[in-house]
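Here the structure is laid out as structure tokens; the discussion comes afterwards.
No value in this document is a laboratory result; all are computed from the given coordinates. Just so it is clear, the model here is predicted, and its values are computed rather than measured. All Cβ positions, even for glycine, are placed from backbone atoms using ideal geometry, and neighbour counts span all protein chains on display.
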Amino acid sequence: MKTLLASIAVLIPCFWHVHIQAGDLGSHMYNVWLAQLIQAGKAQGLYLEWIYTNVLFDLWAGWLVELSGFVWGERLAVSTVVLTFYWGVWFWVRSTTQSSPWSITPLLAMFSYGWVFQVGFLNFYWSMGFCFWGLALAESQVKSIRRLWWVPMIPAAAAHMLPVGWAVALWVYGQAMQKNRLQRLGWLLLAGVSGVASVSFFIRFRYPAVWSPDQVLGMLGMDQLLLVSPRYLVLAAGFLALWAFGLLWVLDLQPLDLLGRRKQVHFLVLTAAGVLFVPWVVHLPGFATPLSFVTQRMSLAAAILMCGLLPLGNRGKPIFCFGSVLALGFFGMVYRDTAALDLFEDKLYDAVRTIPLGARVVAPFESDPARAFAYGHIVDRACIGHCFSFANYEASSTQFRVRARGPNAIVANDSATSVALQSANHEVSESEAPLYYFKWLPLERRFALRIMQAGARF
């Protein structure tokens, strides 16, 4: 019963608004609709590419949409992903500590809806959930179950490869810990951190990449709580204080040398080193756009690993109480911010229904893509079933299954055009005209429509 109630509680944010506001989710659902059009032969110039990764959520959402429509298909797909992540993390903590993690459930729920979720990186998020399931199986007391640790890595790889590489590396390191004497664990950790740093520097010199000193904020997962406004700084500071209090309590109960032998500590140090050293943008060969926000994504793992070091069981009651206060504050602010986005999307939905069926739409908004609650993909979901979001980035990025053969009437076929359209810095070509340009007028609280012909610039 406790598990059922916890599952219901953790899914509340998936149902508290008309739409689930999670950044890139709008683009995912829009491309599910485009995939349906492609399969029906109604999207000339587009095709579906067979890819082995960064696709699981799109396939799952597409199947659920076929069964229950876009509204419930989206809710069911996202709910599945959230439960996979939440319970994967929960059972990993339990398997590594041999204690019930109920005392940290408010914190786990909070990070389940942190930065990664709010920006809508759902394939990555789902993959991370599967990876925690795999790492949990690897800690089982039953040998036959431990051997199955790799099974969750299969769907994880179909969702996103980055968490899989992280999880496999930690599993290999865990095996090395078991085969080394306790006195050598310090040297093993030093070798592990050196290996992470070496790989990071190789990436930076081998591929076009961007590293930033700001990555230090993600080493302990703090940036997962820094969503959009300074108000969230209070929550990040509160979690850091709670973690410091919990760590001091653990040190009072357990000598430092014994704490240093715990696998969770080594995993946290290695993950934090990766967040610090690995560049946050890497332009890999074969893709039109770079892999971005690498370290911001992986800081989610650091946040979870930190939670796993807090006192559990009866000793964790103060952690539960203070964590509940933080969680209430966090979800209260998230509700308020996403409610504003929901009303905004409703206005845009009504606005695009005033233009002809099948029209090409652009609605660039000024927002920071590195922060949550961005407006960039709201137009994508608003267009489903009626018009085409011409600036949508997925086809031109070559990182997703929907692709463009060349110039077409549905979506920009190259990333430079897509970026220019999203940033309102583009001259309309003859093949693109007419473009229906929606601009938000904040003082009047409405959208203004401008029909852009060839040669027009915005």
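Here are some notes:
- FRET efficiency estimate (nearest 0.05) - Cβ-Cβ, E66 to V419, R0 30 angstrom: 0.40
- Applying a DSSP loop filter and a limit of 16 other Cβ atoms within 10 Å to the trypsin sites (Lys or Arg not before Pro) in region 398-458 leaves R405, R445.
- Per-residue ellipticity at 222 nm from helix content only, as computed over the chain with -39500 (n - 2.57) for each DSSP H run of at least four residues, stands at -18000 deg cm²/dmol.
- Loop-located chymotrypsin sites (Phe, Trp or Tyr not before Pro) in region 9-74 (DSSP state not H, G, I, E or B) with no more than 16 neighbouring Cβ atoms inside 10 Å: F15, W16, W50, Y52.
- Measuring nothing but alpha carbons in region 2-339 and taking Rh as the Kirkwood radius, the Rg to Rh ratio lands at 0.96.
- On the beta carbon distance between I451 and R184, with R0 = 56 Å, the FRET formula returns roughly 0.20.
- In this simple spin-label approximation, L343 and R204 carry label points 7 Å from Cα along the Cα→Cβ vector, and these lie 4.5 nm apart.
- Applying 0.36 nm per residue to the separation of A241 and A40 and subtracting their alpha-carbon distance, the gain on full extension is 66.9 nm.
- Taking the Cα centre of the chain as reference, the dipole from Cβ charges on Lys and Arg (+1) and Asp and Glu (-1) amounts to some 1300 debye.
- A cut-off under 13 angstrom between Cβ atoms defines the neighbours of V172, and their net charge, with Lys, Arg +1 and Asp, Glu -1, is +2.
- Sparse packing (at most 15 other Cβ atoms within 10 Å of the Cβ) combined with a DSSP loop state is found for the following trypsin sites (Lys or Arg not before Pro) in region 316-362: R353.
- The lysines within cross-link reach of K143, meaning a Cα-to-Cα straight distance under 19 Å and a gap of 8 or more places when in the same chain, are K179, K263.
- Region 2-339: relative contact order as a whole-number percent, Cα under 8 Å and 6+ apart: 20 percent
- Within straight-line reach of K347, meaning a Cα separation under 18 Å, sit the following lysines at least 8 residues removed in sequence or on another chain: K439.
- Nearest 10 degrees, 0 to 90: helix 317-352 Cα axis against the chain principal axis: 10 degrees
- Note on region 330-458: with charges restricted to the Cβ of Lys and Arg (+1) and Asp and Glu (-1), its dipole about the Cα centre is near 140 debye.
- Residue range of the chain that is longest and free of GluC sites (Glu not before Pro) which are both DSSP loop and sparsely packed (at most 14 other C-beta within 10 Å): 50-365
- Magnitude of the charge dipole for region 1-158, about its Cα centre and with charges confined to Cβ atoms of Lys, Arg (+1) and Asp, Glu (-1), is about 520 debye.
- Within-12-Å neighbourhood charge of K347 [Cβ basis; K, R +1; D, E -1]: -2
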